[in-house]
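For reference, the structure discussed in these notes is given below.
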Amino acid sequence: MTGLLDLYDVSIRFGGVQALLDVSLHVRTGEIVGLIGPNGAGKTTLFNCITGVLRPDTGRITYDGRDLAGVKTHRRARLGIARTFQNLQLFGRMTVLENVMVPIDAFSPRTPVGDAFRLPTARFEERKAEERARALLYFLDLLDVAELQAADLAVGMQRRLELARALASNPDLLLLDEPAAGLDARETAELADVLFRIREQFGVTMLLVDHDMALVMRTCDHIYVLDFGRIISEGPPEHVRDDPQVIQAYLGEVA
Amino acid sequence: MTADARVVRWTAVGVGIALGVLIPAFLSNFLRSLASDAAIAGLIVLSLVVLTGLVGQISFCQYSFAAIGAFTVGSLVAGHHWEFWLALLVGVCFAAAVGVLVAIPALRLSGLFLAILTIGVALFFDRFLLAPGTWDSFSGGTSSWRPGRPSFFGIGLRGEYAFYLFVFGILLVACLLVWNLRTGKTGRVLRAVRESEVAASTVGLNLTAWKLTAFGISAALAGLAGGLSAVRVGSASAGSYDFLHSVIIAAIATVVGVGAITSAPVGGMFLLFVPEIMRAWTPFSTQWFPFVTGILLIFQLVYAPDGAVVDSERRIMRRLHPPAPPPTADDTATPERVLARTST
């Protein structure tokens, strides 16, 4: 079975800690797949393996049927993998608009020479990038703050800005690392709507990591549960919710 | 930026350029040559505006890159009778290439460790290329090594004022090009690398390529300064490009601030004219100049961490153009707003 993203028996070890052990995970085009698990279960490590920040010790990761081994992080972005960060990684001392323009720049053919001499192509690309960035900000309701510094925004807006920036690279696969962290119940409910809208409008497939069970249960088509680096359960939301192993991992021993 | 602020900015730039052209016309030849040196030093500050201001990398070896430019231009023009412009082009490219080479080990470093690496590079240059024996053997001995001044479209640049206008013009063009870089994709991308390397690479930026680019551009500007300085002085002594010069220029770039293009001419003037003012009008000799710079550096780091020029520019702009009100508490995307905006 090959989907958009496939992990086969991925393992990684940090010193004495087995962070991931034989993790196999499959994401099919168009799905929103959830990945849940207690703190320290290895969720962010898994994301780092997928984006190429970390290299798994063993196992294979394929994207659209292509083996990602040895493919650098920025090349993976070009293949269509985008992500958001749990600990927000915005370009803080840049404006909201600039944050969203950077991924568009990354894909544009402009060179420093074209920039220095303001060649017509550079000016055209600049306008194009700005227009597209503004459209994305409009989509995520950030247009009003486009000229503010990213670091000055409230957390809820910063999370949306991370989404806008991730979408700016026109991804096929979006990895969301705890997008609801720091959001209140109302904001989390809105986030779920936004995620559905993103799937609808951009046709983006998503892999969602979050602690917020309500969000994950509501949005995901398929859920994997990770505990101590192992997948302990997988299936549709209702199956995972009732799995005694999952309940045990989250709540401890159940009498 | 509002229209008001834009008018003020370009008026200030226009007045600055006019003063830069006119004032030296009334100065002595000695002060004119200092002004030329100030414009040349301004190019070195500009090289730090690119490297430190945009991509956040530290360098204590900018004068080593300048030495490459000076050495190349000097030996090609004086020793091999090359056309000045061609020699300058070769010198700039050579400096850029060495800058990229230095950047390769620097790729994985930042902050303190990068600073130490560049100190190593500068000391290596001091001990090897700039050592008397090596320097003289390349340049054919200081006595025979006298690159003449070029002419600019048939206009001779032997006069101090003509030569000053020439280097001032080059500084202005370089500032304009860096301004364009900063406001375009290149500046945005480099600042993104500075702000978060992990985010920059996950949105598709090749960190290696962009850091090498920044080092290359920065070293090219420093090499340009060196090449001009070789013909300004008419010789090049190794002592003008040593490690201490790189440290002082880095300190001055910090004092004026690497976040603004204007810092380049201001920093250059600071380096050349403050010692002269001290010598002429105060009981202190120019040997106290590093001391004065150090004191200013401390005050700047405490009271204007982004640098004096950057800070004053910001104050002026804020007065002209008060910042937008901060986002209100009710900033969340209500479902209605999001749906209204996203429905097709």
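The values are calculated or read from the model by the stated rules, or taken from the named source; none is laboratory data. Because the structure is predicted, anything quoted here is derived from the model rather than measured. Don't worry about glycine lacking a Cβ; one is built from the backbone with ideal geometry, like all the others, and counts go over all protein chains shown.
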Single residue of region A:62-85 satisfying the filter (among the hydroxyl-bearing types (Ser, Thr, Tyr) and touching a Leu at 6+ places or on another chain (Cβ under 7 Å)) that is nearest to A:Leu195 (Cα to Cα): A:Thr84
Can you tell me which residue is nearest to the other protein chains (Cβ to nearest Cβ) among those in region A:142-179 that are within 15 Å of A:Gln201 (Cα to Cα) and either touching a Ser or Thr at 6+ places or on another chain (Cβ under 7 Å) or outside any helix (DSSP H, G or I) (or both)? A:Ser169
Answer with yes or no whether A:Val113 is surrounded by fewer than 19 Cβ atoms within 10 Å (Cβ to Cβ) and outside any loop (DSSP other than H, G, I, E, B). yes
Odd one out for B:Arg108 among (1) more than 22 Å from B:Thr213 (Cβ to Cβ); (2) not in a helix (DSSP H, G or I): (1)
In region A:52-79, how many are within 10 Å of another protein chain (Cβ to nearest Cβ) and assigned to a loop (DSSP other than H, G, I, E, B)? 3
Return the residues of region A:105-120 that are more than 9 Å from chain B (Cβ to nearest Cβ) and in contact (Cβ under 8 Å) with a residue 12 or more places away in the chain; say none if nothing qualifies. A:Pro109
Looking at B:Leu297, B:Leu301 in this structure, which one is within 22 Å of B:Thr118 (Cβ to Cβ), at pLDDT 90 or above, under 22 Å from the mean Cα position of the chain (by Cα) and exposed (fewer than 14 other Cβ atoms within 10 Å of the Cβ)? B:Leu301
Within region B:68-93, tally of residues that are closer than 24 Å to B:Leu172 by Cβ and either assigned to a helix (DSSP H, G or I) or touching a strand residue (DSSP E or B) at 6+ places or on another chain (Cβ under 9 Å) (or both): 16
Tally the residues that are away from chain B (no Cβ under 14 Å) and either under 18 Å from A:Asn39 (Cα atoms) or in a helix (DSSP H, G or I) (or both), restricting the search to region A:194-206. 0
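Quick test for you: out of B:Thr262, B:Thr254, pick the one residue that is more than 30 Å from B:Gly159 (Cα to Cα), touching a helix residue (DSSP H, G or I) at 6+ places or on another chain (Cβ under 7 Å) and hydroxyl-bearing (Ser, Thr, Tyr).
None of the others qualify; the one that does is B:Thr254.
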For region B:166-188, pairs from a residue that is within 7 Å of chain A (Cβ to nearest Cβ) to a residue that is of a type in the set (Val, Ile, Thr), with Cβ under 6 Å and 6 or more apart or across chains, are B:Arg188/A:Val102
Per the filter on region A:89-104, residues free of Cβ contacts under 8 Å to residues at least 60 places away in the same chain and either facing chain B (nearest Cβ under 7 Å) or outside any helix (DSSP H, G or I) (or both) are A:Phe91, A:Gly92, A:Arg93, A:Met94, A:Thr95, A:Glu98
Only one of (1) out of contact with any Ser or Thr (no Cβ under 6 Å at 6 or more places or on another chain); (2) modelled with pLDDT of 90 or more fails for B:Glu83. Which number is that? (2)
Pick out the one residue from B:Gly20, B:Gly14 that is loosely packed, with under 12 Cβ neighbours inside 10 Å and assigned to a helix (DSSP H, G or I). B:Gly14
Can you find a residue in region B:3-13 that is modelled with pLDDT of 95 or more and touching a Leu at 6+ places or on another chain (Cβ under 7 Å)? no
Of everything in region B:72-121, what is under 18 Å from the mean Cα position of the chain (by Cα) and small (Gly, Ala, Ser)? Give them in sequence order. B:Gly91, B:Ala95, B:Ala96, B:Ala97, B:Gly99, B:Ala103, B:Ala115
A careful count of residues in region B:48-83 that are in contact with a Lys or Arg (Cβ under 9 Å, 6 or more places away or on another chain) and free of Cβ contacts under 8 Å to residues at least 12 places away in the same chain gives 0
I'd like to check something: does region B:60-73 contain any residue that is at pLDDT 85 or above, among the polar types (S, T, N, Q) and in contact with a Gly (Cβ under 7 Å, 6 or more places away or on another chain)? yes
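Please state which one of B:Val233, B:Val309 is more than 14 Å from chain A (Cβ to nearest Cβ) and touching a Ser or Thr at 6+ places or on another chain (Cβ under 7 Å).
Details: B:Val233 fails: touching a Ser or Thr at 6+ places or on another chain (Cβ under 7 Å).
Every option except B:Val309 fails the conditions.
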Within region A:128-141, which residues are closer than 18 Å to A:Asn170 by Cβ and either more than 10 Å from chain B (Cβ to nearest Cβ) or surrounded by 22 or more Cβ atoms within 10 Å (Cβ to Cβ) (or both)? A:Lys128, A:Ala129, A:Glu130, A:Glu131, A:Arg132, A:Ala133, A:Arg134, A:Ala135, A:Leu136, A:Leu137, A:Leu140
Count, please, the residues in region B:81-103 that happen to be buried (at least 17 other Cβ atoms within 10 Å of the Cβ) and not hydrophobic (A, V, I, L, M, F, W, C). 2
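Could you tell me whether A:Gln86 is more than 10 Å from chain B (Cβ to nearest Cβ), part of a helix (DSSP H, G or I), surrounded by fewer than 24 Cβ atoms within 10 Å (Cβ to Cβ) and touching a helix residue (DSSP H, G or I) at 6+ places or on another chain (Cβ under 9 Å)?
So A:Gln86 does not fit the description; no.
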Count of region A:180-193 residues which are within 8 Å of chain B (Cβ to nearest Cβ) and either at pLDDT below 90 or within 18 Å of B:Ser196 (Cβ to Cβ) (or both): 4
Inter-residue pairs, beta-carbon under 6 Å, first among the charged types (D, E, K, R) and in region A:122-141, second assigned to a helix (DSSP H, G or I) and surrounded by fewer than 14 Cβ atoms within 10 Å (Cβ to Cβ), 6+ apart: A:Asp141/B:Arg337
Collect the residues in region A:25-47 that are of a type in the set (S, T, N, Q) and assigned to a loop (DSSP other than H, G, I, E, B), keeping them in residue-number order. A:Thr29, A:Asn39
Please give the number of the condition B:Leu207 fails out of (1) closer than 24 Å to B:Val309 by Cα; (2) over 13 Å from the mean Cα position of the chain (by Cα); (3) surrounded by fewer than 24 Cβ atoms within 10 Å (Cβ to Cβ). (1)
